[in-house]
1. Taking the options Leu5, Leu12, Leu63, name whichever one is in a helix (DSSP H, G or I), of a type in the set (A, V, I, L, M) and within 23 Å of Ser156 (Cα to Cα).
2. crowded, with 17+ Cβ neighbours inside 10 Å and under 22 Å from Thr464 (Cβ atoms): is that true of Asp28 in this structure?
3. Name the pairs: first residue in segment 204-215 and crowded, with 16+ Cβ neighbours inside 10 Å, second residue modelled with pLDDT under 95 and among the aromatic types (Phe, Trp, Tyr), Cβ to Cβ under 7 Å, at least 6 apart or on different chains?
4. Please determine whether any residue of segment 401-420 is surrounded by fewer than 21 Cβ atoms within 10 Å (Cβ to Cβ), in contact (Cβ under 8 Å) with a residue 24 or more places away in the chain, out of contact with any strand residue (DSSP E or B) (no Cβ under 8 Å at 6 or more places or on another chain) and of a type in the set (Asp, Glu).
5. Consider segment 83-106. How many of its residues are assigned to a loop (DSSP other than H, G, I, E, B), touching a strand residue (DSSP E or B) at 6+ places or on another chain (Cβ under 7 Å) and under 21 Å from Ser168 (Cα atoms)?
6. Examine segment 334-346 for a residue that is surrounded by 18 or more Cβ atoms within 10 Å (Cβ to Cβ), closer than 30 Å to Arg427 by Cα and in contact with a His (Cβ under 8 Å, 6 or more places away or on another chain), and state whether such a residue exists.
7. If Trp368 satisfies every condition in (1) over 30 Å from Ala256 (Cβ atoms); (2) surrounded by 19 or more Cβ atoms within 10 Å (Cβ to Cβ); (3) under 23 Å from the mean Cα position of the chain (by Cα) but one, which is the exception?
8. If a residue must be within 19 Å of Leu180 (Cα to Cα), of a type in the set (Ser, Thr, Tyr) and either free of Cβ contacts under 8 Å to residues at least 24 places away in the same chain or in contact with a strand residue (DSSP E or B) (Cβ under 7 Å, 6 or more places away or on another chain) (or both), how many such residues does segment 421-470 contain?
Amino acid sequence: MSEILQLSATELAQRIARRQLSSAEVVDAHLARIDAVNPALNAVVKILADEARAAAAVADRRLGAGEAVGPLHGVPFTVKENIDMAGLPTTWGVPALAKAVVPADAPVVERMRAAGAIPIGRTNLPDMALRVHTDSSLHGLTRNPWHPGRTAGGSSGGEAAALASGMSPIGLGNDIGGSLRNPANACGIASIRPSAGRVPDAGYVPAEDRMLAVQLMNVQGPMARRVADVRLGLRVLMGAHPRDPWSIDAPFDGPALPRPIRVAVLPEPPGGNTDPKVAATVRRAAEALADAGYVVEEASPPRYADAVNCWARFIMGDFGSVLALLSPMMGAEAMAFLDGFNAAVTPLADVAAWSQLMVERDGIARAWSTFMADRPLLLSPTWTQLPFEHGFDSATPAGAAATKELMRPVVPANLLGLPSACVPAGRDADTGLPIGVLITGRRLREDLCLEAAEAIEARLGVATPIDPVR
């Protein structure tokens, strides 16, 4: 593997700016890597080779002319295929949208380009991003670089697999139920689900006007191999945008807090079982934080199981209203997972039930906010089990229910609009699979989440990129 592929996005930007590397060299190295390893993984579903090479030539000319450049000038990036790119289809992984070409970039793509980054490919996702396993009825299955028989996670699974295997140094995904963090956990990379409103969310497909669950719980965000690159990506993406009326301008660095910062540690989250290997990884991450000067204590936020259940009723209740429209577009396995997942969720009977659900959400948010006044960070597993075998989530109703249970740590942040960073903290000795942990924080305190994630990465981080295990 070439040295270029092993550099972080930050390092690549620095070397390009110093003219130690050309953007053309960097883009060509990543395109060659896609050619070499993507056939085994199926992570990148559209390669933008001609466009990327042309953009790299322009980037090098601008640098040579002494023009001011952005923080990611000349650095390639990849984009999940449910994020709009002008002139390309936003397929959401289904044949029905294979020709749904959009007229303009999503705000996050617009901002990456403005920072000088160059798109080189589109990455895979499950049908309509409604599954935590990346198997698309349009593009097929994405494999995990660490273990070909285990899931790469979802819904940003193509993005995570591309990053972990060196096809891209930084990329874009989104998250309504862990979709930035599920695949980061499975593939051994870093990501952050930003606070609600921190990063603008807008698109043309399937519709410009968003459902309530999407408005309140979906976010766009960066994915990368290193926490420092996630921070850089978030700084590029954040801020109000006119196409998202709920997006906000807020400083990245929040007010200084008394030190040492207290961290609540939850190795075995309520509401289900936790693999002892996963719990042990969380405890090792807690030790790393303690050694870095944090005060750690095992404690659970109040109403944890209520938060998980409220999220499930909210997302399934809302998407249930459009399921008759979505189901003809989705493959059999995707629908089997949704049906099995839905069977374990109490339906919302009427308008009064919807109103009560929002009241419940408010109460849970207040309880967590009070808890986090003294403990600004929460350390937990990302998943409570190791990544499952392909198709486990959809083969039986029991598999769908078990998948709902194992992903429970990721969803409180979606319900409550909180920032939540995933960082790898070890590997399972038997399967070789990475194990990630979550650092969830107070609203708009991504700075604290990423600072703690870097302390864990420094002690326990997993080295990527890797050659795919075959």
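1. Details: Leu12 fails: within 23 Å of Ser156 (Cα to Cα); Leu63 fails: within 23 Å of Ser156 (Cα to Cα).
Just a single option satisfies the conditions, and that option is Leu5.
2. Working: crowded, with 17+ Cβ neighbours inside 10 Å: yes; under 22 Å from Thr464 (Cβ atoms): yes.
When the stated conditions are applied, Asp28 passes them.
3. Going by the 7 Å Cβ cut-off, the qualifying pairs are Ala213/Phe319.
4. Pass one, segment 401-420, residues surrounded by fewer than 21 Cβ atoms within 10 Å (Cβ to Cβ): 401-402, 405, 417.
From what is left, the residues that are in contact (Cβ under 8 Å) with a residue 24 or more places away in the chain are 401, 405, 417.
Still in the list and also out of contact with any strand residue (DSSP E or B) (no Cβ under 8 Å at 6 or more places or on another chain): 401, 405, 417.
The next check asks that each one be of a type in the set (Asp, Glu); those that pass are 405.
Yes.
5. Of segment 83-106, the ones assigned to a loop (DSSP other than H, G, I, E, B) are 83-88, 90-94, 98-100, 102-106.
When the remaining residues are screened for being touching a strand residue (DSSP E or B) at 6+ places or on another chain (Cβ under 7 Å), the result is 83, 85, 87-88, 93, 98-100.
Now drop any that are not under 21 Å from Ser168 (Cα atoms), which leaves 83, 85, 88, 93.
The qualifying residues number 4.
6. Yes; the residues of segment 334-346 include at least one that is surrounded by 18 or more Cβ atoms within 10 Å (Cβ to Cβ), closer than 30 Å to Arg427 by Cα and in contact with a His (Cβ under 8 Å, 6 or more places away or on another chain).
7. (1)
8. 1
The values are calculated or read from the model by the stated rules, or taken from the named source; none is laboratory data. No experiment lies behind these values; they were computed from the predicted model shown. Positions of Cβ are backbone-derived with ideal geometry, glycine not excepted, and every protein chain shown enters the neighbour counts.
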